[in-house]
Amino acid sequence: MLITLLGIFSGLLLGLTGGGGAIVSVPALVYGLHIPMQVATTLSLFVVGGSAMLGAYLKRKEVDWKKGIIFAIFGGLASPIGSYLAKHVNEDVLIGSFAILMLLVSFLMIRKSMSKNNLSSKNNRINYKAYSIWQTLPVALITGLLTGFFGVGGGFMIVPALVLLNRMENKSATATSLFIITLISLISIMGKAQEIELDFNLIIIFMTGSIVGMIIGNIISQKISSQLSQRIFAIVAFILGIYMLLDSLFL
């Protein structure tokens with residue numbers, strides 16, 4: 001029952017905010033189910049990848065498949081490096097690093113929710129000529145590293161990169177980011193699954209809960225403003241980030 005509830009909680013935030021919301025699945029697994037951080041980051045990839053795949057399917061008409069595949073290839077190349085680094089990092093250091101990442105994400109979410117100008121306001125149409133593979137490459141590599149190291153999707157980086165660097169409209173960028181997260185997560189899972197023993201019963205139950213939560217989150221997101229949903233997520237991420245940071249330092 002607890003596994004299902006934690007899955008619903010993670011999926012709810014994912015449905016409210018998009019790909020970046022899956023970041024809460026790691027602390028949910030670590031503190032809710034007392035799973036080691038190294039294992040939790042791997043299990044999280046199933047939630048991240050599965051939820052993103054569902055989201056990409058639902059938004060398939062808005063996905064830019066070409067750009068998504070190119071971005072995912074570079075991200076996939078960096079993902080094994082992140083996985084390798086994670087294996088050689090102390091548990092407390094990994095938790096502390098993840099806490100800092102959560103605090104950064106919460107700050108970016110708050111900043112985005114308070115911005116009067118939407119990222120897509122200056123670029124309301126997709127401009128394919130604006131696309132530069134070299135502009136996207138650094139973001140793709142960093143996203144892959146984060147996915148392999150922390151077990152997160154990196155949607156909070158992908159969407160702004162697609163909008164600002166590729167002149168893509170926000171809806172298309174969000175849909176394409178879900179497709180990218182699906183591919184990079186799959187590559188990361190293939191690398192990490194060989195290193196630890198996976199509890200597939202736990203994965204199935206947690207993913208089922210997250211899908212239910214994602215559906216509920218999507219329904220709620222249609223009834224409230226995007227600014228409010230971003231602030232809700234930012235508050236949750238900030239609280240979890242502070243707790244994880246204190247845990248890694250003192251608890």
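In percent, rounded to a whole number, the relative contact order of the chain is 42, using alpha-carbon pairs under 8 Å and six or more apart. Hey, what number do you get for the chain at 222 nm if only DSSP H runs of n ≥ 4 count, each worth -39500 (n - 2.57), divided across all residues, to the nearest 500? The helix-only estimate for the chain comes to -25500 deg cm²/dmol at 222 nm. Farthest towards the positive end of the charge dipole of region 2-249, among the residues ILE220, LEU246, LEU14, is the Cα of ILE220, using unit charges on the Cβ of Lys, Arg, Asp and Glu. Dipole check for the chain: with +1 at the C-beta of Lys and Arg, -1 at the C-beta of Asp and Glu, and the Cα centre as origin, the magnitude is about 1300 Debye.
Backbone geometry of region 158-165 corresponds, through the Karplus equation with coefficients 6.51, -1.76 and 1.60 at θ = phi - 60°, to 3J(HN,Hα) couplings of 5, 4, x, 5, 5, 6, 7, 8 Hz, x marking Gly and Pro. For PHE179, what charge total do you get from the other residues with a beta carbon under 15 Å from its beta carbon, if Lys and Arg give +1 and Asp and Glu give -1? Result for the neighbourhood of PHE179: +4. Could you identify which residue out of GLU62, GLU169, GLU197 has the top mean-square fluctuation in a GNM of the chain using Cα springs shorter than 10 Å? The residue with the greatest mean-square fluctuation here is GLU197.
Note that region 135-175 shows a convex hull volume over its alpha carbon atoms of 52 Å³ per residue.
For the chain, the longest principal axis of the Cα atoms and the long axis of helix 170-192 meet at an angle of about 40 degrees.
Could you work out the longest stretch of the chain that avoids the trypsin sites (Lys or Arg not before Pro) located in DSSP loops with at most 13 other Cβ atoms within 10 Å? Walk me through the numbers before you get to the answer.
Values: sites that count: LYS116, LYS122, ARG125, LYS223.
Between exposed loop sites, the widest span is 1-115.
A simple spin-label model places pseudo-atoms 7 Å from Cα toward Cβ; at ILE215 and GLN194 they are separated by 3.7 nm.
Starting from the coordinates of the alpha-carbon atoms of the chain, obtain the Kirkwood hydrodynamic radius over all distinct pairs and give the value in Å to one decimal.
Working: mean 1/r = 0.0563 Å⁻¹.
Hydrodynamic radius (Kirkwood, Cα only) of the chain equals 17.7 Å.
With a Förster radius of 35 Å applied to the beta-carbon distance between LEU85 and LEU164, the computed FRET efficiency rounds to 0.80.
GNM remark for the chain: springs join alpha carbons under 10 Å apart, and the peak mean-square fluctuation among GLY191, GLY50, GLY75 falls on GLY191. Counting only alpha carbon atoms, the long axis of helix 200-221 and the longest principal axis of the chain meet at about 40°. The angle separating the long axis of helix 37-58 from the principal Cα axis of greatest extent in the chain is about 30 degrees. One decimal place: the segment LEU137-LYS61 gains 24.9 nm when fully extended, by the rule 0.36 nm per residue minus the C-alpha distance.
Taking THR176, THR147, THR208 in turn, the Gaussian network model of the chain (Cα-Cα springs below 10 Å) assigns the largest fluctuation to THR208.
All of the numbers you see were taken from the coordinates with simple rules; none came from a lab. The model shown is predicted, which means the values in this text are computed figures rather than measured ones. Note that we place each Cβ from the backbone using ideal geometry, even for glycine, and neighbour counts take in every protein chain shown.
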